[in-house]
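Working notes for the structure below.
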Amino acid sequence: ALSGLAAPSLAQQSIIRENDPALRRNIGGFLARSWQPYFSSTANGALLVDIDSRALHYWSADQTIYRVYPTSVPISEELTRRGRTSVVRKVEGPSWSPTPSMKQRNPNWPDFVPPGPDNPLGTHALYLGWKYYRIHGTHDTRKIGRPSSNGCIGLYNEHIAELFAMVGAGAQVLLI
C-alpha cells in the first residue's frame, strides 16, 4: 500500500485520469502530460507516444477525456519512427503480414496470419499514415513495457479496444 491506499490494479495503474488523486502521486509510474507542448489543438483527438517512457497519451478532441496506456515499443532505434502522422484507418480483428524487411530477418515467419489468438496485431489496430506502422493490441502481454516490436506500438488488448472506441480516423499522432 502507498500512503494508506490499497495497491492499484493493473487497469488502475495504466489508465490514469486527469482528476484522479492517484495521478498526483504518480502511482502508475507514468508522468501526466499536457497536450499544449505537443499539439496546436486536439482537433480530431491527439495521441502522443513517448518511446522512452513506453507510454501512449490520448486526449479527446473536446479535451474531456485523457488516458495514459503502457506500451511496447520497437526493439531498436533503427526500427523506431518518430514524428507526426495520423490515424488513417481502424480495423477490428486485423490480419497480419510481415513487412519485406521482417521477412528478410525472419524467413520462417508465415506470409499471412488471419485474425485470432496467433495474430501479433491483437484484437484491434489503428493504421497510421506511415506504411507498415500501427498502434495495435497484443495477445502476448509480456511485450508491454518492453522494447519488443518491429516498429509498431503495442497495447494490451483491453486498452486498444478502449482507445479504438474513442479514436477516429484523422486523429493526430506524434511519436517522440
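Just a few scattered comments:
- Across region 86-93, a minimum of one residue is classified as touching a residue at least 12 places away in the same chain (Cβ under 8 Å), in contact with a Pro (Cβ under 6 Å, 6 or more places away or on another chain) and over 22 Å from PRO70 (Cβ atoms).
- Qualifying residue in region 125-133 (condition: among the aromatic types (Phe, Trp, Tyr) and out of contact with any Gly (no Cβ under 8 Å at 6 or more places or on another chain)): yes
- Close contacts from region 109-120, counting a first residue that is among the aliphatic types (A, V, I, L, M) and a second that is part of a loop (DSSP other than H, G, I, E, B), with Cβ to Cβ under 9 Å and a gap of 6+ residues or different chains, come to VAL113/SER95; VAL113/SER97; VAL113/PRO98; VAL113/ASN119; VAL113/PRO120; VAL113/LEU121.
- Residue list for region 33-83, restricted to those being surrounded by fewer than 16 Cβ atoms within 10 Å (Cβ to Cβ), at pLDDT below 95 and touching a Leu at 6+ places or on another chain (Cβ under 8 Å): none
- Contact annotation: residue pairs with Cβ atoms under 9 Å, 6 or more positions apart or on different chains, pairing a residue in region 28-39 that is closer than 14 Å to ILE176 by Cα with a partner that is at pLDDT 95 or above and open to solvent by 60 Å² or more (accessible area, probe 1.4 Å), are TRP35/GLN63.
- None of SER40, SER86, SER72 is in contact with a Ser or Thr (Cβ under 6 Å, 6 or more places away or on another chain) and under 24 Å from ALA169 (Cβ atoms) except SER72.
Residue-wise test of (1) more than 21 Å from TYR38 (Cβ to Cβ); (2) open to solvent by less than 50 Å² (accessible area, probe 1.4 Å); (3) of a type outside the set (Asp, Glu).
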residue	(1), (2), (3)
VAL87	no, yes, yes
VAL91	yes, yes, yes
SER97	yes, no, yes
PRO117	yes, no, yes
VAL167	no, yes, yes
LEU175	no, yes, yes
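- Listed by first and then second residue, the pairs linking a residue in region 51-63 that is within 14 Å of PRO147 (Cα to Cα) to a residue that is at pLDDT below 95 and buried (at least 20 other Cβ atoms within 10 Å of the Cβ), with Cβ atoms under 8 Å apart and 6 or more places separating them unless they lie on different chains, are SER53/PHE30; ALA55/PHE30.
The values are calculated or read from the model by the stated rules, or taken from the named source; none is laboratory data. Remember, it's a predicted structure, so these values are computed and weren't measured experimentally. Positions of Cβ are backbone-derived with ideal geometry, glycine not excepted, and every protein chain shown enters the neighbour counts. In case anyone asks, the SASA skips ligands and DNA or RNA and just uses the protein heavy atoms, side chains included. Shrake-Rupley method; radii C 1.70, N 1.55, O 1.52, S 1.80 Å.
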